[in-house]
Amino acid sequence: MEFETGHIPGTIPGAHVATSSIDPATAGNVQIAAGRFVLRAVRPSDAGLIAHYAGDRRVAEATQNIPHPFPPGAAEAYVNRAMNHDRPGSVWVMDGSAHGLSELLGVISLKPMEVKAGRSGQSEIAYWVAPAFWNTGIASEAVRALIAANPLDDCTYFAEVFQDNPGSARVLTNAGFAYLGDAEAFSVARNAMVPTWTYIRKMVK
């Protein structure tokens with residue numbers, strides 16, 4: 001089970017990562033500064049808050065892969081896969097505890113679409129944010145920091161949002177993404193195909 005949602009990329013000056021390009025299998029171990037919080041590796045203690053927030057219908061229905069109702073043990077299984085890199089790509093938790101915010105504001109991930117040794121590739125970015133922190137800029141800060149760090153040394157990012165989530169689309173276009181086309185994606189929580197908008201952003205090398 002992958003916990004992913006509409007994808008919202010961007011850039012932010014000052015976000016940094018210790019190295020410009022690392023193994024996709026271990027990229028999630030890198031901590032990335034993101035203004036009011038950091039993007040850090042997933043840890044076992046995150047399972048409780050992940051289950052709490054992912055169990056909210058509003059979060060689940062904004063994603064392609066989170067089921068609703070949320071199954072017991074699903075958060076622990078997800079954390080285990082993320083920590084053991086038993087999934088394609090890398091996962092980070094948005095942790096605001098150093099700035100008086102929650103230790104888990106949301107989750108963000110990169111899934112490589114192609115991985116070629118010694119060459120830049122393409123990734124799809126996905127995230128979800130706890131409803132308590134909606135409309136606070138958290139999602140935008142997280143995505144911009146991750147794209148600026150570019151831990152997988154990608155040359156192209158793709159993003160997909162449900163068409164009934166225009167706020168996500170605005171973040172994409174404001175961050176310099178170009179509209180690529182309409183499509184559909186299955187939402188597990190809705191048990192239905194949902195119209196989507198797809199966006200692309202090419203990195204300047």
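The values are calculated or read from the model by the stated rules, or taken from the named source; none is laboratory data. Here the structure is a predicted model, which means the values were calculated and not measured. For neighbour counting, all protein chains shown are included, and Cβ atoms are generated from backbone atoms with ideal geometry for every residue, glycine included.
Results, tabulated for the structure shown:
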read-out	value
Condition check for Ala130: modelled with pLDDT of 95 or more, farther than 26 Å from Met193 by Cβ and out of contact with any His (no Cβ under 9 Å at 6 or more places or on another chain)	no
Cβ pairs under 6 Å, 6+ apart, first in segment 86-111 and within 15 Å of Ile32 (Cα to Cα) and at pLDDT below 95, second part of a strand (DSSP E or B) and aromatic (Phe, Trp, Tyr)	Ile108/Trp92; Ile108/Tyr127
Any chance Ala74 is more than 29 Å from Ala175 (Cα to Cα) and modelled with pLDDT of 90 or more	yes
Filtered residues of segment 173-196 (kept if touching a Ser or Thr at 6+ places or on another chain (Cβ under 9 Å) and assigned to a strand (DSSP E or B))	Tyr179, Leu180, Gly181, Asp182, Ala183, Glu184, Ala185, Ser187, Met193, Val194
Lone qualifier among Tyr157, Tyr179 - being under 29 Å from Val30 (Cβ atoms) and aromatic (Phe, Trp, Tyr)	Tyr157
Test set (1) in contact with a helix residue (DSSP H, G or I) (Cβ under 9 Å, 6 or more places away or on another chain); (2) surrounded by fewer than 14 Cβ atoms within 10 Å (Cβ to Cβ) - Ser168 fails condition number	(2)
Selected residue [in contact (Cβ under 8 Å) with a residue 40 or more places away in the chain and crowded, with 23+ Cβ neighbours inside 10 Å] from Ala139, Ala189, Ala130, Ala175	Ala139
Residues that are under 27 Å from Thr198 (Cα atoms) and in contact with a strand residue (DSSP E or B) (Cβ under 9 Å, 6 or more places away or on another chain), drawn from segment 46-80	Ile50, Tyr53, Ala54, Val59, Ala60, Glu61, Ala62, Thr63, Gln64, Asn65, Ile66, Tyr78
Subset of segment 160-205 that is touching an Asp or Glu at 6+ places or on another chain (Cβ under 8 Å) and of a type in the set (D, E, K, R) - its residue that is modelled with the highest pLDDT	Arg190
Meets criteria (part of a strand (DSSP E or B), surrounded by 23 or more Cβ atoms within 10 Å (Cβ to Cβ) and at pLDDT 90 or above) for Tyr157	yes
